[in-house]
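In what follows, a single structure is set out as structure tokens and then discussed.
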Amino acid sequence: MKSMNSQAPEKVDQQTPSVGQPCTHNDSASHDLSIRVRDLNLWYGNEQALSNINIDLFQNNVTALIGPSGCGKSTFLRCLNRMNDLIPSVSITGLVEMDGRDVNAAKMDEVALRKRVGMVFQKPNPFPKSIYENVAYAPRMHDLVSRKPEEDELVEKALRDAGLWEEVKDKLQQPGTSLSGGQQQRLCIARAIAVQPDVILMDEPTSALDPISTATIEDLMDRLKSQFTIITVTHNMQQAARVSDYTAFFHLGEIIEYNDTKSIFSNPATQKAEDYITGRYG
Amino acid sequence: MSDSFEKISQQLERRHRKSARLKYMSMGALALAASFLLIFFADMLNKGLPAFQQAMVNIEVNYSEEASRSGRAAIDRDLSDIVSRSVVRVIPLDMRNDPSLLGTTEQRWVLASGEVDQYLKGNLVRLDDEDKEIIDRLVESGKVEMQFNTGFFSRGDSKMPELAGIMSAVVGTVMTMIVTLAIAFPIGVMTAVYLEEFAADNRLTQLIEININNLAAIPSILFGLLGLAIFINFFGVPRSTPLVGGMTLALMTLPVIIISTRTALRSVPDSIRHAAFGVGCSRWQVVRDHVLPLAMPGIMTGSIIGLAQAMGETAPLIIVGMVAFIPDVTASFTDAATVMPAQVFTWANEPDRAFVEKTAGGIIVLLAVLISLNASAVMLRKKFERRW
Amino acid sequence: MLINNPFLIFCGVLMLLGVMAFFTARKKATQVRASGTAMFSQPDQYAWFAVVATAGPAILLSALGAFVMLLLGADIPTFSLLLASLVLAAIGLAVGMTLVRANFHARQAIERVIRWVLAGAATVSILTTLGILISIVGQALNFFQMHSFWEFITGTTWAPGNSFLMAAGRGEGASGGAEFGSVPLFAGTFFITAIAMAVAVPVGLLSAIYMGEYAPRRVRAVAKPMLEVLAGIPTVVYGFFAAITVAPFIVRVADSIGLDASFNNALAPGIVMGIMIIPFISSLSDDVINAVPDSMRQGSLALGMTKGETIRDVVVPAALPGIISASLLGMSRALGETMIVVMAAGMRPNLTINPLEEMTTVTVRIVAAMTGDLEFDSAETLSAFALGLVLFVVTLALNLVSVIMIRRFREKYRVNNL
């Protein structure tokens, strides 16, 4: 199994020089590298949660991370913007490279990293502020806007991009917590895109939502990928098939298979992925 | 593509500095609180530890005929300012009680006067140079020395600093606390049991709950006014006694006991109650045989904390007259008494500088008792802590 | 002692009757059982029921009698009252015995009694509040009959000194008499409270922030009990510290920069009171900050906010209701604090905003009025109750607002341990 580790199947290996690159060509998708991960290992105390992760993540795509629960997909996602720093017992080895820089290097400012790699969480977590403030807060702190009209414009754009503007434009001063669950999650997405990051990480963004809100968010992901690189963790196989361009299958802390979504769902290369995708376990 | 890491990091510098500032400020605040505590304890120890030492002087007591009339005659005239007046005063008494003393002499250690004590502790005194010389000589010859002040723990209050002790206050505190606990513990536990296990959640119980929370935050001096107006003036409970003080403090301690008992009862899981109901216990039997025993450690912890709080309370006791000059150990719940914090207050008001160290000494004793009480509560909680 | 003797005899006889009731009832129940009749309850339960039937009414009657005597001033001889109670106890015993029969639910009867006793205990706390209200309001009304309420709340001169002359029937001589204008007292109280809050809120809140957000576990394990020690120090001790150490220090410092400070300056009690209140604010704020969900912090950090910005702009605003509630509780503590100001603040009412001057507070005047050798119904003594009433109302309002704020916070984040 180790040799399979997320690498492309042998027959196409020569076409794809880099280790984590998916095997088949996906014509519709871009192939500009966004984040490169090499030999990433992560431990919670003495317990290894990720082992030898190698993967290349591409710009302006939706990459879905799937796998049974506890397989390390969320942990991996949180490595990409160093949210794991918040857990004292975590230790990490290996390379996570973005823009030619090692994300885990001591010199790397994790705040600067998170400015470029935004995140949307499983449960919507709007700040206890007004809807407007929820969106305007971060850009203001990052000096992305200097004047009030500029700020208004940015808030409106972010809310429009998140597909929330029409619903909230008349109640921008109401608290963010007054919205429904699906609206709150879109508010959190608006909040993330208002910072104008390169990458948006989404940690099961629809798992706490009803089907209609889920569909709205999925549409949103599809639209947003023209501006951002989206990496999403999902439990929902159909969702991965619907929204993502690439899919990585995690199992017990390893990437078993990484391929463009069409191939992985129609013709999984490994037995485990096939079993999982066809619902034999999970 | 947004700005590069370098550019963002550059912009971030100022924000990081601000963020670090908050961290250091908050750390500083905690350090400030800690240093308050340190300064406070150092100050109290510095001022109070001398109180546990007392200057004693070795004199020859001459039980002459004249001494049976005036004690001053029994001792060397040079030493009359150096020996405590209390010693001189009791010599004729001793002689009356034991006539065989007449005509004998005796070499013994007696209390030095407060002034001598203060002089030897390096404080400013009103002694004249002649007396100071005598003292210095006596010190050199080993006739005056500092000894452990047992009297501080065995005597009651006195206007003479060398004679003042904390014993009557300790006894008064114990008696007052007995009254307080005897009232507050049963009523508090019963109230909590009623609210937690019996009462329906209606307007009345909500009112009682709000009322209890409010009682816990009412200024203590108002409880004193209640004690004065209701207990003393209306029910005729005698003033200044452990009885009225204990009753007043009991009402203050009640909310503490109720609140902690309720927490303890609530932490007993419902599964235990259901199991007991399942084997046919009545509600009261469930509470008596299953819930209360399991909640007991929590109840005890809360009660000890409440007791410690009541033990340090002074303001309401001033109002019910428990700040009194009590030289003798109180014998009954209906006699005038004082308590440790009230004794501290009384001494703090004494103009004589020698009482400063007495006050601080009393504070050290009081704090030692309170801290050991609280520590035992913490230990109790640790020992019986149980996660369901 | 004369009262005590019949009382002791009463208790003894009652106890004897109770013991008798217990054993005879149990014997009877056991016999009934032995004869083969099935009974609703256990023999012990019948026995306890008999005890309750014997002692309950008797104690109630004697308590009622005593209360009527005290309240209505009716003159019931103690002896006959106690005798009547004992007779009632005997009747109760007889009734209790006849009820020892198979079809009587002794257990249910006992439990009903227990329930009532427990409910009775629960009313004690209400009675305490009522007692405080009645005692304070009653005497305060007496006071307001002597002096106008308007003058009390707007007057700027507090000079009760002449009132004892009036009480002694020599009021004509002291023209003008006493003045009870409470404004300087309340000004002093609020001023010293403001100093205390200026110390306690920043230090307490920042300490809570450090403990909740930054401190390594080991520091936390030391810091929490340390702050609890600060809370456990008796106020009289703080008062001594303020008067003997802090006040002279302030005078020296003021002197060295050319300012004139009184030894009873308002700064010393204010600062020390602030130290006393730090743990109240820090411990509740710490709980509240810990209750702010972590998802909130992560949401902010994931946007590229620094830790400081996250705390300042997200955590603290989210915890604000709890922090305000803690501060209000601390403020109510400070307003009602007595010993520190009695020992370290002045006695002289003084309307000033110079913290180096002497100032007095409401609680100081209450203590002063209560410790003098005055008749209980002299104007000065009664004025203490009027001051107490205002203090009660103000602290009550603060406490209620605080409770409402914390409840709102609890509902918002669904935390139950606050």
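The values are calculated or read from the model by the stated rules, or taken from the named source; none is laboratory data. Predicted, not measured: the structure shown is a model, and the values here were computed from it. For neighbour counting, all protein chains shown are included, and Cβ atoms are generated from backbone atoms with ideal geometry for every residue, glycine included.
Some notes on this structure:
- Residue in the stretch B:56-78 that is more than 13 Å from chain C (Cβ to nearest Cβ), more than 25 Å from B:SER141 (Cβ to Cβ) and under 39 Å from the mean Cα position of the chain (by Cα) present: no
- Meets criteria (more than 27 Å from B:MET340 (Cα to Cα), away from chain B (no Cβ under 11 Å) and among the aliphatic types (A, V, I, L, M)) for C:ILE209: no
- Every pair of residues 6+ apart whose Cβ atoms lie under 8 Å, when the first sits in the stretch C:140-152 and is surrounded by fewer than 15 Cβ atoms within 10 Å (Cβ to Cβ) while the second is in a helix (DSSP H, G or I): none
- Among (1) under 18 Å from the mean Cα position of the chain (by Cα); (2) buried (at least 22 other Cβ atoms within 10 Å of the Cβ); (3) more than 9 Å from chain C (Cβ to nearest Cβ) - the single one B:ALA295 does not satisfy: (1)
- Pairs linking a residue in the stretch B:31-44 that is without any contact (Cβ under 8 Å) to a residue 24 or more places away in the chain to a residue that is not in a helix (DSSP H, G or I), with Cβ atoms under 9 Å and 6 or more positions apart or on different chains, are B:LEU37/C:ILE233; B:PHE40/C:ILE233.
- B:ALA229 vs. criteria small (Gly, Ala, Ser) and either within 9 Å of chain C (Cβ to nearest Cβ) or free of Cβ contacts under 8 Å to residues at least 12 places away in the same chain (or both): yes
- Selection over the stretch A:83-119 of residues that are under 25 Å from A:GLN48 (Cα atoms) and in a helix (DSSP H, G or I) gives a count of 7.
Condition check ((1) touching a residue at least 60 places away in the same chain (Cβ under 8 Å); (2) outside any helix (DSSP H, G or I)) across all residues:
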position: B:TRP284; (1), (2): no, no
position: B:ALA295; (1), (2): no, no
position: B:GLN309; (1), (2): no, no
position: B:ILE318; (1), (2): yes, no
position: B:GLY321; (1), (2): yes, yes
position: B:PRO327; (1), (2): yes, yes
position: B:ASP335; (1), (2): yes, yes
position: B:GLY361; (1), (2): yes, no
position: B:VAL365; (1), (2): yes, no
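- Failed criterion for B:ALA217 (all others in (1) more than 8 Å from chain C (Cβ to nearest Cβ); (2) in contact with a Lys or Arg (Cβ under 9 Å, 6 or more places away or on another chain); (3) not in a helix (DSSP H, G or I) hold): (1)
- Within the stretch B:340-359, residues that are within 27 Å of B:LEU307 (Cα to Cα) and at the interface with another protein chain (Cβ under 7 Å from one of its Cβ atoms) sit with their Cβ atoms under 8 Å from residues that are of a type in the set (S, T, N, Q) and crowded, with 22+ Cβ neighbours inside 10 Å, at 6+ positions apart or across chains, in these pairs: B:PRO341/B:THR314; B:VAL344/B:THR314; B:VAL344/B:THR359; B:PHE345/B:THR314; B:ALA348/B:THR359.
- Residues satisfying the criterion are absent from the stretch B:298-314 (criterion: more than 12 Å from every other protein chain (Cβ to nearest Cβ) and surrounded by fewer than 18 Cβ atoms within 10 Å (Cβ to Cβ)).
- If the condition is being free of Cβ contacts under 8 Å to residues at least 12 places away in the same chain and either touching a Pro at 6+ places or on another chain (Cβ under 7 Å) or crowded, with 23+ Cβ neighbours inside 10 Å (or both), then the stretch C:288-305 contributes C:LEU301, C:ALA302, C:LEU303, C:GLY304, C:MET305.
- Hits in the stretch B:67-114 - residues which are touching a residue at least 60 places away in the same chain (Cβ under 8 Å) and either in a helix (DSSP H, G or I) or loosely packed, with under 13 Cβ neighbours inside 10 Å (or both): B:ARG85, B:SER86, B:GLY114
- Wholly enclosed helices (runs of 4 or more DSSP H) of the stretch C:212-307 bearing at least 3 residues more than 9 Å from every other protein chain (Cβ to nearest Cβ): C:217-232, C:247-256, C:267-291
- Residue within the stretch B:237-246 that is within 26 Å of C:ASN399 (Cβ to Cβ) and assigned to a helix (DSSP H, G or I) present: yes
- Any chance B:LYS18 is facing another protein chain (nearest Cβ under 8 Å), under 30 Å from C:GLY232 (Cβ atoms) and in a helix (DSSP H, G or I): no
- Only one of the listed residues (B:ARG266, B:ARG262, B:ARG239) is more than 30 Å from C:ALA109 (Cα to Cα) and among the charged types (D, E, K, R). That residue is B:ARG239.
- When residues of the stretch A:153-206 are limited to those that are closer than 12 Å to A:VAL120 by Cα and of a type in the set (S, T, N, Q), the one surrounded by the fewest Cβ atoms within 10 Å (Cβ to Cβ): A:GLN184
- Scanning the stretch C:250-261 for residues that are free of Cβ contacts under 8 Å to residues at least 12 places away in the same chain and exposed (fewer than 12 other Cβ atoms within 10 Å of the Cβ), we see that the one that is nearest to C:ALA344 (Cα to Cα) is C:ARG252.
- Test: residue in the stretch C:339-355 that is modelled with pLDDT under 90, surrounded by fewer than 21 Cβ atoms within 10 Å (Cβ to Cβ), over 28 Å from B:VAL344 (Cα atoms) and within 11 Å of chain B (Cβ to nearest Cβ): no
- Test result for C:GLY346, under 30 Å from C:ALA215 (Cβ atoms) and not charged (D, E, K, R): no
- Test result for C:VAL203, modelled with pLDDT of 95 or more and under 16 Å from C:ILE277 (Cα atoms): yes
- Out of A:SER6, A:SER18, A:SER74, sole residue that is at pLDDT below 60, under 20 Å from A:THR234 (Cα atoms) and in contact with a strand residue (DSSP E or B) (Cβ under 9 Å, 6 or more places away or on another chain): A:SER6
- Looking only at the stretch C:19-68, and only at residues there that are of a type outside the set (Phe, Trp, Tyr) and assigned to a loop (DSSP other than H, G, I, E, B), the one that is surrounded by the fewest Cβ atoms within 10 Å (Cβ to Cβ): C:GLY36
- Residue count, the stretch B:40-54 (criterion: assigned to a helix (DSSP H, G or I) and either over 26 Å from the mean Cα position of the chain (by Cα) or more than 8 Å from chain C (Cβ to nearest Cβ) (or both)): 9
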